[in-house]
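The values are calculated or read from the model by the stated rules, or taken from the named source; none is laboratory data. Values in this document were obtained by computation on a predicted structure and should not be read as measured data. So basically every Cβ, Gly included, is an ideal-geometry build from the backbone, and we count neighbours across all protein chains shown. SASA here: full protein model, heavy atoms, side chains in, ligands and nucleic acids out. Shrake-Rupley method; radii C 1.70, N 1.55, O 1.52, S 1.80 Å.
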Amino acid sequence: MRIKCPHCGERSLDEFSYYGDATLRRPEVNDQDANLLAKFTDYVYLRDNPAGQHQELWQHQFGCRAWLVVTRDTNSHLMTEVTAAAQKGEAA
Amino acid sequence: MTQNMTPNLQNYDVRAAAAAPILAMTGWDKPQAGIKLTTAPPAGRFNLRGSPEYCRRICEKMSLALPPKMLQAAGGNQNAVLWLGPDEYYLYTEDADKAAHLAASAASNAAPDHGSLVDNSHRFVGFHIEGENVATLLMAYCPLDVTAAAFPVGKATRTIMAKIDVLLWRQSETKFHIEIARSFAQYGLRLLAFAASNQAALRQAGLI
């Protein structure tokens, strides 16, 4: 399998490390919130397992070291979009 | 406590001496399959990471030329800057004065603004691999296309060789400079020797 790194071009999967769901956001900490524990449990432990499009973080660890946001179809493993996380962050 | 910022340059010689037996240990004391593998001269190696302005400033101070594009090397084979990633440069110098100067600024951490300069001189050992079929040999264990068309002279990148990460840098049509972490060097060289013997046998049988 190959991933098309925006900086290095197509590279072997071996050069990359997987870092999970890219859409997770840390819950706001609010002492008054009765559901805080449940929210954090969800954030830390619970993951969706979608069949289809999934946004995930990868790092080109043994290449340019850049963090990437990859859109992958979990059914076919087809990677439709690979963006540098830094660029994605600037756009957001 | 005063700290001696001047690196002990004798260490660089020690490294070169220590690298010599490795060639004999791994079967590279003589050419294999038309490939010659030798140790690169002692050198200083520095990892420079940070904003483009910071990296440019450090390189200018050392009068090192920056490559025009990512994954390229600039400045020649003895004093080079390798641009490895969006915020990462690899400074390589066989000039002991430059190496000492860089090591001193790495140790003093003189300009820690948005960047880091780290002395990696002892972490890596360098080897020169030369021969007509050098790309075929490397591709036995690198999943990357390193043929001249895809990997022209002056290109440099970090990649995977079997289970280890190495730095590949093409210095001419038939010559690569490869940087391997010291503790992985024996493993890497043995792999290449094994690939070379396989390829020699295949070539003899007319299969490649």
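Summary table
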read-out: Residue in segment B:127-136 that is among the aromatic types (Phe, Trp, Tyr) and not in a loop (DSSP other than H, G, I, E, B) present; value: yes
read-out: Matching residues in segment B:48-69 - criterion: being crowded, with 16+ Cβ neighbours inside 10 Å and either out of contact with any strand residue (DSSP E or B) (no Cβ under 7 Å at 6 or more places or on another chain) or at pLDDT 95 or above (or both); value: B:Met62
read-out: Residue satisfying all of: in segment A:23-64; touching a helix residue (DSSP H, G or I) at 6+ places or on another chain (Cβ under 8 Å) and hydrophobic (A, V, I, L, M, F, W, C); nearest to B:Thr157 (Cα to Cα) among these; value: A:Phe62
read-out: Odd one out for A:Arg2 among (1) among the charged types (D, E, K, R); (2) buried (at least 16 other Cβ atoms within 10 Å of the Cβ); (3) touching a helix residue (DSSP H, G or I) at 6+ places or on another chain (Cβ under 8 Å); value: (2)
read-out: Members of segment A:5-45 found to be closer than 30 Å to A:Gly63 by Cα, assigned to a loop (DSSP other than H, G, I, E, B) and either open to solvent by less than 60 Å² (accessible area, probe 1.4 Å) or away from chain B (no Cβ under 14 Å) (or both), listed by number; value: A:His7, A:Cys8, A:Phe16, A:Ala22, A:Thr23, A:Leu24, A:Arg25, A:Arg26
read-out: Filtered residues of segment B:55-90 (kept if in contact with a helix residue (DSSP H, G or I) (Cβ under 6 Å, 6 or more places away or on another chain) and within 13 Å of another protein chain (Cβ to nearest Cβ)); value: B:Tyr89
read-out: Qualifying residues in segment B:71-85 (those that are within 14 Å of B:Val153 (Cα to Cα) and assigned to a loop (DSSP other than H, G, I, E, B)) - the one least open to solvent (accessible area, probe 1.4 Å); value: B:Leu71
read-out: Any hit, segment B:184-191, residues being within 14 Å of chain A (Cβ to nearest Cβ), within 14 Å of the chain's Cα centre (by Cα) and either open to solvent by 20 Å² or more (accessible area, probe 1.4 Å) or over 18 Å from B:Trp28 (Cα atoms) (or both); value: yes
read-out: Residue in segment B:100-107 that is touching a helix residue (DSSP H, G or I) at 6+ places or on another chain (Cβ under 8 Å), more than 14 Å from every other protein chain (Cβ to nearest Cβ) and surrounded by 15 or more Cβ atoms within 10 Å (Cβ to Cβ) present; value: yes
